[in-house]
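Here is the structure we will look at.
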Amino acid sequence: MQSGKMRKQGLNGKRHAGHLPGRAGRTLTEVEVRAGVFRQPVMQTPVLVLNASYEPINICGARRALVLVLKGVARTEEEQGQQLHAARMNMAMPSVIRLLEYRRIPHQTRALSRKNILLRDRNCCQYCEVVLTAAELTLDHVIPRSRGGLSTWENLVACCHDCNRRKGNQMLHELTDMKLKREPRPFTLHTSRHIMRMIGSADAAWRKYLYFEHSEPAA
Ligand SMILES: [Zn+2]
């Protein structure tokens, strides 16, 4: 998951947060992170990020989550059960963190990119429904570019090379044997939350935050 947006918001939040640790504490953290004291495999484990309202908004690496907690931007809500031992501190590794200040999240935060289109379509060819690796998939313009189709969320879908070749420059209504599995839509927060659910399904500590507003069964 791309966390660029979060990163920017986290840094902005630093200026407004009212519970910053002292200057010395913050410097220690940054020096230690940069010096690689935190460079352990556990630092890459995914951490669920909640808004101040407990709404899930992102996933980031444990290292990023620790920095947000140490800067006073977020608080640990659930722990991983592992301790981090550094020169001058002992910290429980977070599994879920919550931002201390509410951030307004725009409805569409995802950049239009190949990676995000494949994420939205879950690496599944939208015509024949075969699931492949990202490298084995291409993007198809539903209305071909040669016929005025634009590169938009609504006109780009994940597609296997076979289907892409078969479709060529034709419009869907000209083909009887090909149709879209589902109508392509922008990658909304709802879609991201769905992906968070899939990623977080292994982590029991995430479940209560990911399902709290929905009663639908787990995928
Ligand atoms: Zn296909």
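Each value in this text was obtained by applying a stated rule to the coordinates, not by laboratory testing. Source: prediction; values computed, not measured. Using ideal geometry, Cβ is built from the backbone for each residue, glycine included, and neighbour counts are taken over all protein chains shown.
Each Lys and Arg adds +1 at its Cβ and each Asp and Glu adds -1 at its Cβ; summed about the Cα centre, the range 114-174 shows a dipole of about 180 debye.
Of the GluC sites (Glu not before Pro) found in the range 120-155, those that fall in a DSSP loop while having at most 13 other beta-carbon atoms within 10 Å are Glu129, Glu154. Bridging of Lys208 to aspartates and glutamates at a Cα separation below 20 Å is possible for Glu55, Glu77, Glu78, Glu79, Glu216, once same-chain residues fewer than 8 apart are set aside.
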